[in-house]
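Q: Before we start, here is the structure in question, set down as structure tokens.
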Amino acid sequence: MKPYDAIVIGDANIDLVVAGCEQIPGPGQEVFVPNMTLHVGGGAALFSLALAKLGLKIAFNGILGEDGFGQFVRNQFSLYGIDTRYIRSSRKNNTGISIAINPEKDRSFITYAGTNSEISLKELDMDSVASGRHVHLTGYRGSYNHREYVDMTRKIKALGLTTSLDVGWDDTGEWYDGIFELMGEVDVFFMNEVEAKNYTGRSSMEECLRELSRHSRHIVLKLGSKGAVAAVGGTTTYRSGFPVTVKDTTGAGDSFNAGYIYGFLSGLGTDQCLLYANACGAMSVSQYGGNTGTPDGPALEQFVAEKIGYTTDSWQVVL
């Protein structure tokens, strides 16, 4: 029995959520808003918190600054039982900060990458990796670090662990086609609808799935409020989303990923993994902050039991 269910590698920072900001102040102006809240941010960090809340044992690999924000992140991780021993400290940069403005509408961000800019798989502590059953990766940036991601996933596979990766938005606009090579090495590969269309050049989800399935044995596409679809071993499974009142979409995709991997590591079928993933995503957007609304195990089961009558749309197709 290994000490960790999952090792998570990637970004952790502070999210300052500014709610109800109707206008950006001009020079010399001051604007008052109804609320500002401070949360842990970063895709890898939010994924870790969500999995830990669901009862899995998590260890985090990342870099934080030697500052109050870095300590805040460590304290929040420890509060939920996440092992922080593999987090490195940096004196080169401060802990990253992302200011999310108007999260309930069209979000805008001001972001300082900080210590997240120092993360490299080349410096990964392989002893920590060997102590887990599964590794979740973030931070892929196309041709810039493609080779180290392919090499690392192969090393992890050689140790007998499964892997997952959320490719994330490509802010460079490159949409590097080497991603298809990486898909072949990763056990569970996450994308959203827009990312899939950009990488494949296809206009419909059916065409995207057909193309992505040529390279990945297990691809999961997030469709926002419409739910999600997964293609696993030649079978496509769709599940509709849960209707909820949206307050803040920050971290919804990371919560979705956690719900799916929770099911995956529990040995559940694709349909049930999608059910948990959609539920975690829906519960996340119902509260401000990337991890505030993410559930523990009993809350997840209660939510599904109460809402299942509203999300009966599901189907499977053998390709």
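The values are calculated or read from the model by the stated rules, or taken from the named source; none is laboratory data. Fair warning: this is a prediction, and the values are worked out from it, not measured in the lab. Cβ atoms come from the backbone with ideal geometry, glycine included; neighbour counts cover every protein chain shown. Ligands, DNA and RNA are excluded from the accessible area calculation, which covers all protein heavy atoms including side chains. Shrake-Rupley method; radii C 1.70, N 1.55, O 1.52, S 1.80 Å.
Q: If I filter the range 192-212 for residues that are out of contact with any Cys (no Cβ under 8 Å at 6 or more places or on another chain), in contact (Cβ under 8 Å) with a residue 60 or more places away in the chain and within 30 Å of Cys21 (Cα to Cα), do I get at least one hit?
A: Yes: the range 192-212 contains one or more residues that are out of contact with any Cys (no Cβ under 8 Å at 6 or more places or on another chain), in contact (Cβ under 8 Å) with a residue 60 or more places away in the chain and within 30 Å of Cys21 (Cα to Cα).
Q: Could you run through the range 262-272 and say how many residues are touching a Phe, Trp or Tyr at 6+ places or on another chain (Cβ under 8 Å) and either touching a residue at least 24 places away in the same chain (Cβ under 8 Å) or buried (at least 24 other Cβ atoms within 10 Å of the Cβ) (or both)?
A: Number of matching residues: 1.
Q: If you don't mind, another one. Out of the range 56-76, which residues are open to solvent by less than 10 Å² (accessible area, probe 1.4 Å) and aliphatic (A, V, I, L, M)?
A: Matches in the range 56-76: Ile58, Ala59, Ile63, Leu64, Val73.
Q: Kindly list, by first and then second residue, each pair from a residue in the range 278-303 that is under 30 Å from Phe109 (Cα atoms) and in contact (Cβ under 8 Å) with a residue 24 or more places away in the chain to a residue that is among the acidic types (Asp, Glu) and part of a helix (DSSP H, G or I), limited to pairs with Cβ atoms under 7 Å and residues at least 6 apart or on different chains.
A: Sorted first by the residue in the range 278-303, then by its partner, the pairs are Gly290/Asp254.
Q: I've got another one for you. Give the residues of the range 66-115 that are among the aliphatic types (A, V, I, L, M), out of contact with any helix residue (DSSP H, G or I) (no Cβ under 8 Å at 6 or more places or on another chain) and assigned to a strand (DSSP E or B), sorted by residue number.
A: Result: Ile99, Ala100, Ile101, Ile110.
Q: If you don't mind, there's one more thing I want to ask. Checking Phe32 against (1) open to solvent by 50 Å² or more (accessible area, probe 1.4 Å); (2) over 18 Å from the mean Cα position of the chain (by Cα); (3) among the aromatic types (Phe, Trp, Tyr); (4) under 30 Å from Ser131 (Cα atoms), only one condition comes out false. Which one?
A: It is condition (4) that Phe32 fails.
Q: Can you pull out every residue in the range 160-174 that is assigned to a loop (DSSP other than H, G, I, E, B) and open to solvent by less than 40 Å² (accessible area, probe 1.4 Å)? So that I can check it myself, show each step before the final result.
A: Here is the first cut: in the range 160-174, the residues assigned to a loop (DSSP other than H, G, I, E, B) are 160-161, 167-174.
Residues satisfying the conditions are Leu161, Val167, Gly168, Asp170.
Q: Being polar (S, T, N, Q), at pLDDT below 95 and surrounded by 13 or more Cβ atoms within 10 Å (Cβ to Cβ) is the requirement here; does Ser98 meet it?
A: For Ser98, the condition - polar (S, T, N, Q), at pLDDT below 95 and surrounded by 13 or more Cβ atoms within 10 Å (Cβ to Cβ) - is met.
Q: Output the residues belonging to the range 191-221 that are open to solvent by 30 Å² or more (accessible area, probe 1.4 Å) and farther than 20 Å from Glu181 by Cβ.
A: Listed by number, the residues that qualify are Asn192, Glu193, Val194, Ser203, Ser204, Glu206, Glu207.
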